[in-house]
Amino acid sequence: MTITNGAYTQAVDEGRFPTDSSVPLDPPFVNENGSIQNLLLNGCQSVAAITSRKGAVRANHVHRTDHHYAYVASGRVLYFERAVGSAEIPQPKSYGPGEMFFTPPMREHAMLFAEETTILTFAKRVRSHVEHETDVMRVEFITPEIAREYVR
């Protein structure tokens, strides 16, 4: 059974975090003026546009209470996620333009950018630098050496 964006985001809003990080997007509304693609049908406190260079690694942390969606506007992201305290290097999921993924709280995660990429993030909490840093615990599991194995 395919879940809708509304059902997925409602589950997140209720604290029932899906195990699949891939967020379904419903078909866009299209007319003679163009199209409208709904990305998030439930609340968030913060939206950010993040541009990253090819080979850059972002996150490498775990959020204590926050969660976020990431929509790929352009480029390609290799997304790594694992249980807190795990020593494994999980196989990444690859996300490209028009795709969105979700990170729940208390999951170690990292994003490796396979090319110059712009993502939009939608977070549960306010994402000022200070508030964001008080919610994260740093874990460097995608090291520069590991990143070079995936992006050359």
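The values are calculated or read from the model by the stated rules, or taken from the named source; none is laboratory data. None of these values were measured; they are calculated from a predicted model. Neighbour counts run over all protein chains shown; Cβ positions are idealised from the backbone, glycine included.
Things to note:
- S94, sole failed condition from (1) out of contact with any Leu (no Cβ under 6 Å at 6 or more places or on another chain); (2) surrounded by fewer than 18 Cβ atoms within 10 Å (Cβ to Cβ): (1)
- Residues of segment 76-95 classified as more than 19 Å from V47 (Cα to Cα) and in contact with a Gly (Cβ under 9 Å, 6 or more places away or on another chain), total: 1
- A single member of G55, G75 is free of Cβ contacts under 8 Å to residues at least 60 places away in the same chain and either hydroxyl-bearing (S, T, Y) or more than 16 Å from L25 (Cβ to Cβ) (or both), and it is G75.
- Total residues in segment 120-146 satisfying the condition of being surrounded by 14 or more Cβ atoms within 10 Å (Cβ to Cβ) and within 17 Å of the chain's Cα centre (by Cα): the figure is 13.
- A single member of L39, L25 is of a type outside the set (S, T, Y) and either touching a Gly at 6+ places or on another chain (Cβ under 8 Å) or within 23 Å of E140 (Cα to Cα) (or both), and it is L25.
- In segment 106-117, the residues that are of a type outside the set (D, E) and surrounded by fewer than 16 Cβ atoms within 10 Å (Cβ to Cβ): M106
- Among the residues making up segment 129-142, those that are in contact (Cβ under 8 Å) with a residue 60 or more places away in the chain and out of contact with any Phe, Trp or Tyr (no Cβ under 9 Å at 6 or more places or on another chain) are H132, D135, V136, M137, R138, V139, E140.
- Flag if E149 is surrounded by fewer than 18 Cβ atoms within 10 Å (Cβ to Cβ), in contact (Cβ under 8 Å) with a residue 40 or more places away in the chain and of a type outside the set (S, T, Y): no
- Segments classed as strands (runs of 3 or more DSSP E), wholly inside segment 2-57, with at least 3 members that are within 29 Å of E115 (Cβ to Cβ): 34-36, 46-52
- Of all the criteria given as (1) small (G, A, S); (2) at pLDDT 95 or above; (3) over 20 Å from T19 (Cβ atoms); (4) loosely packed, with under 14 Cβ neighbours inside 10 Å, the one not satisfied by G43 is (2).
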